[in-house]
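Beneath this line is the structure, given in structure tokens, with notes to follow.
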Amino acid sequence: MEDGIRTPALLVERSILERNIDAMAARARRLGVRLRPHFKTHKCVEVARRQAEGGATGFTVATVPEAEALLEAGFRDLTWAVPLDPGKVGDALGLAARATVRLLLDDETTLEHLEREATRRGLRPHVWLKVDCGYHRAGVDPSRPESAHLAGRLAASGAVTFDGLLTHAGHSYQASDPGVRRGIAAQERDVMRAFAERLRGAGVSVPALSVGSTPTMTAVDHLEGIDEIRPGNYVYFDATQAALGSCTLDDVAISVLATVISHPPGGGRAVVDAGALALSRDPGPAPPAAGGAAGYGAVCPHPGAPAPDPGLQLVSLSQEHGVIQARPGHTLEGRLPVGSRVRILPNHSCLVSACFDEAHVVEGGRVAARWAIHRRR
């Protein structure tokens, strides 16, 4: 299979991808919520079509080109889940003129700018209010009166349609064990429900609540009061999610195929042609089993039947080089000769997918398709 592929190359195991898609769709049904998966993980229309077949009711995007790719493929219900830049109001309204594109903001000045331009164009875009549930990256603090005021402004606006409250528990990616993930998932849910209850009690209509990340949605016990979830990473998973306990390494559908290009005798290292531009430089978490050093991905020395070798560690990356060493008690002697190939399960599949123009889809040990990745900025 791998001999006909120029490396480094992105591989996707179709059977695992399908299993992951079906599992999250079933989980959303059990939790009683709509599923609006994040497109940024795979940036691939073919994957999105499979998610839609499995029950996804819309998609979440991070960039204008992602939204354009989905609109051109016929999808008509998107959430652009990045706080709106006032300089991109024109872009946002251009998308909203073509389909239902739900925008995100946490700033009253941005809302005023959006209202003026939407009114001028005769549009009434959909808008979510971004809420900070503990990640402290973006979003209004639900405890502050200014946040309730902005929610009221949105609900009363005659120029936009208020969709409700949206949050993202990104701090779940630092969870140390499943119990911590469950706690963050409960925090994400409960912060949103409490804020919505206060707003509704004050006469502010809150149509819906949107939450979700892969670590929280694989851990949460219930989502009573929540309307939709937006996990993304689950389609591929990665070594980080396996370390967090969101999945096992057997659930990782994505890998980078690389070729050994140097193995100096006695040097104790093998060098592959996959560097930071193929694997990103996300260090991932450092699980206890890794002795505090997780490396830059899990190395699978038998690419035809990928299984990580715990004795191998990808210790460093430069732009086009990756260095593999043996962990203490293991050796590279007689292994990984120049010209041999490895698969690397990445730490962060979302970043790695964005490093490639296409994914090689593997079925039954052979490449069955090549899918375009819409990574344009």
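Structure values in brief
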item: Of residues in region 46-59 being closer than 16 Å to Ile254 by Cα and in contact (Cβ under 8 Å) with a residue 40 or more places away in the chain, the one most open to solvent (accessible area, probe 1.4 Å); result: Glu46
item: Candidates Ala270, Ala239 - the one that is of a type in the set (Gly, Ala, Ser) and more than 22 Å from the chain's Cα centre (by Cα); result: Ala270
item: Residue check, Val342 buried (at least 18 other Cβ atoms within 10 Å of the Cβ) and more than 24 Å from the chain's Cα centre (by Cα); result: yes
item: Residue list for region 1-42, restricted to those being open to solvent by less than 30 Å² (accessible area, probe 1.4 Å), over 30 Å from Ile261 (Cα atoms) and in a loop (DSSP other than H, G, I, E, B); result: Val33, Arg36, Pro37
item: Filter pass, Ile16 being touching a residue at least 60 places away in the same chain (Cβ under 8 Å) and either in contact with a Lys or Arg (Cβ under 6 Å, 6 or more places away or on another chain) or on the phi > 0 side of the Ramachandran plot (or both); result: no
item: Among the candidates Arg327, Arg375, residue that is within 28 Å of Val61 (Cα to Cα) and either over 19 Å from the mean Cα position of the chain (by Cα) or open to solvent by 40 Å² or more (accessible area, probe 1.4 Å) (or both); result: Arg375
item: Helices (runs of 4 or more DSSP H) within region 175-270 that include 2 or more residues open to solvent by less than 20 Å² (accessible area, probe 1.4 Å) and within 30 Å of Gly304 (Cα to Cα); result: 214-217, 239-244
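The values are calculated or read from the model by the stated rules, or taken from the named source; none is laboratory data. Quick caveat, the model's predicted, so the values are computed rather than measured. So basically every Cβ, Gly included, is an ideal-geometry build from the backbone, and we count neighbours across all protein chains shown. The accessibility values were calculated without ligands, DNA or RNA, using every heavy atom of the protein model including side chains. Shrake-Rupley method; radii C 1.70, N 1.55, O 1.52, S 1.80 Å.
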